[in-house]
Amino acid sequence: MSKNLSQLARRQGIDNTLFQQLIFSDSVGSTSVNSTDALKHQRQVLAKEFLMGEAVVHGAASFYDFIDDGTNEHNANKKAYVCNGSSCLCANTQATVKETLVAEFGAENVGHVTCLGRCAENSAFQVNGNNFSGSDIDKVKQIIGEANTASNENYQVRTTLAEPILTAEISDVAKYYQLFEDLSKQYQQQQLLEKLVGSGLRGRGGAGFPTGIKWRSALTETSAEKYIVCNADEGDAGAFSDRYLLEHRPHAVLFGMLMAGLLTGARTGVLYIRAEYPEAIKQTEQAISEFEQLILDEKISAGFSFKIIKGAGAYICGEETALLRSIEGQRPVVSVRPPFPTQSGLFGCPTVVNNVETFASIHFIFSDLDSVNNSGVDKYKTLGNGKSTGSKLLSLDGAFVYPGIIEVAMGTTLTKVIELAGGFVKDIKALHIGGPLGGVVPLAEIDKLTIDFESFSDNGFLLGHASIIGIPQSMKMIDYIAHLFEFTALESCGKCYPCQIGSVRGQEMFEQAITGKQPINSELLSDLLETMQLGSLCALGGGVPLPINNILQYFEDEVSPYFLSKQSTEIGE
Ligand SMILES: Cc1cc2nc3c(=O)[nH]c(=O)nc-3n(C[C@H](O)[C@H](O)[C@H](O)COP(=O)(O)O)c2cc1C
Ligand code: SF4
C-alpha cells in the first residue's frame, strides 16, 4: 500500500508534494483555512489532485502538530507557542513564559511546541513565526508590534581544535565550492568513496552508521532518479547543533549534499527542515540562492538542485523512513527495513539520508587530498579513537556557565568539556545526554566518559546527537521519568504496540504514583520497559527505556518511595 502511494506521490515529484500543500503558510501554525467545511473541501481537492484517497490525505494531515485537523484540540494556528522541551523544563522557566503569553493572547491562542532549540537561553517561545528566548519574554509587547523582528540570541560557539572542522568560517563561498570542481575532474567516484570510507566518518544523526558505506550502497543501485536527503529534523530536546550549522554554515551542509550527489549519481538534494526552526529555513534558502547564482555565473558546473521541505511538528519525522513518507505526503509512520532507503527511499528511488552534521564534515575530509599524510582524510581519521573519528559538535544548555556550541575532537573527556563550559550555574545532579532517548548520566559517572560512540555505549549510555542538558537538584527524577513517557506517548507514530500502548501505560503508571493514587509495581514496570526495548520497531519506543533505567539505577533512593514494595516496607516499619 505505502509502496503504491510512494509511486503516486512520485507523479507530482518533489516540486509539488502533497505534504507541502497541506501546509499553507510560512509560519508555524498559521494556515489560512479556518472553517471545518472549507478545510474538508480543501482536503478533497488535494486528494483528487494527487489521486489519493481522502483517508490518506486526512491520515497525513491529522498526524502533525502544526496542521489543522479540523478538531478542537489541534495545536495549529496559534498566535504563540511555549516550548515544553526537557531543557526548558529543567530550567523551570516555562510557567512564567506561559502565564505571560496567555495574559497577552488568551489561553486559546497559545499552543505548545517540543523544543525550539533555544536551550542555551531557555524561556523559549515563538510569536509571529519567530523564536525568542532568555529575557525576551519581558518585552513581549514590543515583540508583537514588530512582526518580523529576528530575535537576539546569545550563545557561545567554541572549539578546542587547532584546525576547526565544523565551526570553521567560510569566507569565500565561490572558492569553497571550487573543491567540488577540482574533485569531480581529478577523481573517479569509487576513488573518492574509498577516501570517505578511509576517513572513518560515521553518521552524526545518532546511529553512527559509516557514511562511505551508505553512499557506496546508493551508487551500486541502478535507477534513473536518486535523491540525497538532509535530515534536519533535529527534534531531540536539548540539541541545537544542526540549527547552528544551517543558520551559520549552510554552505558546508550543501557542499556535503553536492558531493553525495556526485558520488552516488543523484541530481536532487532535499533538505527536510523542521518548522520550529524558521531562521534555519531562511538562512538555508539564502544559501541555496547563492549556490544557484554560482551555477549561473559558471563558477560551479554541477547539474544538481536543492529543495527545502518544511516540517510540521512531528518528532518521529527525524526517523529516516518516517521522514521520507512525510515528504511523500503519506502519514509519517516508520517502515520496516529492508529495503533500506539507499535501495528504495524517496518516491521508491535510491536515497541517501544523512544528518546535517554528517554532510557538514565532508568538505574538510575531501580537502588537500593530494597531500601525502596531511590530507583532510589523514587529519580527520587521526582525531578520535580509531572507531569514532573526526570532531563532534556538542549542544550545551543553559545549565552551563558558557552555554552554546562546542566542537571537540572525538575522544575528548566529558570532564574537559564541562571544564571548558565553565562548570554549572546551579546545583546539578545528572546530565541528560543525547536527547530523550539518550542516557541520564549521574555526576559520579561523568569522569568515565569520553565523547565517542564506544565510551557511551560501553558505560550504558548513548552519545546520540550529543546534546547536554543539566538536570538540577530541584528536578524530581520521578517527574522527569513521567516527562519522558509523556513525550514518547505524544510522539509515538503508532506503528507498533510496545511503543504505542507501552508509552501510554508508562505515563499513567508514573502519573498515578506522583498523584498518590497507586504506587508503581516494579515488576510490572520492568516488564513494560523490557517489552518496549525489545519489541519496538524503532529507537523511539526501543530507546526510551535507557534513560528511565539509568534513573531507576542511579537514583533509586530518590524514586523508591513511589514504588509498591518499598512503600509497603515503609508502612510496615
Ligand atoms: C525516533 C528517531 C528520531 C530520529 N531523529 C533524527 C533527527 O532528528 N536527525 C537525524 O539526523 N537523525 C535522526 N534519527 C536517525 C535517522 O533515522 C537516520 O539514522 C539518520 O538521519 C541517518 O543519518 P546519519 O547516518 O548521517 O546519522 C532518528 C531516529 C529515530 C529512531
Ligand atoms: S517504536 Fe514507536 S515510533 Fe517507532 S515504529 Fe514503533 S510506534 Fe512508531
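Restricting the stretch 531-540 to residues that are part of a helix (DSSP H, G or I) and surrounded by 14 or more Cβ atoms within 10 Å (Cβ to Cβ), which is farthest from ligand 1 (Cβ to nearest atom)? Applying the filter and picking the extreme gives THR531. The residues in the stretch 438-452 that are more than 12 Å from PRO547 (Cβ to Cβ), of a type in the set (A, V, I, L, M), touching a strand residue (DSSP E or B) at 6+ places or on another chain (Cβ under 8 Å) and not in a loop (DSSP other than H, G, I, E, B) can be counted, and the count is 2. Among the residues of the stretch 378-398, is there at least one that is under 23 Å from the mean Cα position of the chain (by Cα), among the hydroxyl-bearing types (Ser, Thr, Tyr) and farther than 23 Å from GLY256 by Cβ? No: the stretch 378-398 contains no residue that is under 23 Å from the mean Cα position of the chain (by Cα), among the hydroxyl-bearing types (Ser, Thr, Tyr) and farther than 23 Å from GLY256 by Cβ. Scan the stretch 207-226 and report the pairs whose first residue is over 12 Å from THR342 (Cα atoms) and whose second residue is basic (Lys, Arg), with Cβ atoms within less than 7 Å and a gap of 6+ or a chain change. Partner pairs satisfying both residue conditions: GLY208/ARG202; PHE209/ARG202; PRO210/ARG202. With respect to being within 16 Å of ligand 2 (Cβ to nearest atom) and closer than 29 Å to ALA55 by Cβ, ARG325 fits the description. Contact annotation: residue pairs with Cβ atoms under 8 Å, 6 or more positions apart or on different chains, pairing a residue in the stretch 446-469 that is at positive phi with a partner that is part of a strand (DSSP E or B), are GLY464/ILE433; ALA466/LYS392; ALA466/LEU393; ALA466/LEU394; ALA466/SER395; ALA466/ILE433. Which residue pairs have Cβ atoms under 9 Å apart, sit 6 or more places apart or on different chains, and have a first residue in the stretch 302-317 that is touching a residue at least 24 places away in the same chain (Cβ under 8 Å) and farther than 16 Å from VAL253 by Cβ and a second that is more than 14 Å from ligand 1 (Cβ to nearest atom) and assigned to a strand (DSSP E or B)? Taking only residues 6 or more apart or on different chains, the pairs are GLY313/VAL113. The criterion of at least 3 residues that are within 13 Å of ligand 1 (Cβ to nearest atom) and over 30 Å from GLY398 (Cα atoms) is met, among helices (runs of 4 or more DSSP H) falling completely within the stretch 172-288, by 211-220, 250-264.
With the condition being of a type outside the set (A, V, I, L, M) and more than 16 Å from ligand 1 (Cβ to nearest atom), I'd like the helices (runs of 4 or more DSSP H) fully within the stretch 314-411 carrying at least 3 qualifying residues. Even if it seems obvious, please write down each step before you answer.
Working: elements: 320-328, 356-360, 362-365, 376-382.
It comes to 376-382.
In the stretch 380-404, the residues that are without any contact (Cβ under 8 Å) to a residue 60 or more places away in the chain reach residues that are of a type in the set (Val, Ile, Thr) and in a loop (DSSP other than H, G, I, E, B) with C-beta atoms within less than 7 angstrom, at least six apart or across chains, in these pairs: VAL401/VAL425.
Does the stretch 216-236 hold any residues that are more than 16 Å from ligand 2 (Cβ to nearest atom), out of contact with any strand residue (DSSP E or B) (no Cβ under 6 Å at 6 or more places or on another chain) and not charged (D, E, K, R), and which are they? Of everything in the stretch 216-236, those that are more than 16 Å from ligand 2 (Cβ to nearest atom), out of contact with any strand residue (DSSP E or B) (no Cβ under 6 Å at 6 or more places or on another chain) and not charged (D, E, K, R) turn out to be SER217, LEU219, THR220, THR222, SER223, ALA224.
Given the criterion closer than 23 Å to ALA91 by Cβ, modelled with pLDDT of 95 or more, β-branched (Val, Ile, Thr) and in a helix (DSSP H, G or I), identify the matching residue among ILE478, ILE469.
ILE478
State yes or no: is GLN553 within 16 Å of ligand 2 (Cβ to nearest atom) and either surrounded by fewer than 21 Cβ atoms within 10 Å (Cβ to Cβ) or on the phi > 0 side of the Ramachandran plot (or both)?
no
Just to check your reading of the model, which residue among GLY203, GLY198 is on the phi < 0 side of the Ramachandran plot, in contact with a strand residue (DSSP E or B) (Cβ under 8 Å, 6 or more places away or on another chain) and small (Gly, Ala, Ser)? Reasoning before the result, please.
Values: GLY198 fails: in contact with a strand residue (DSSP E or B) (Cβ under 8 Å, 6 or more places away or on another chain).
Unique residue meeting the criteria: GLY203.
Of all residues in the stretch 71-96, those satisfying the criterion of being over 23 Å from the mean Cα position of the chain (by Cα) and at pLDDT 95 or above are ALA95, THR96. Taken together, the residues in the stretch 300-313 that are at pLDDT below 95 and outside any loop (DSSP other than H, G, I, E, B) amount to 0.
The values are calculated or read from the model by the stated rules, or taken from the named source; none is laboratory data. Nothing here was measured: the structure is a model prediction, and the numbers come from that model. No Cβ is skipped: glycine too gets one built from the backbone with ideal geometry, and neighbour counts run over all protein chains shown.
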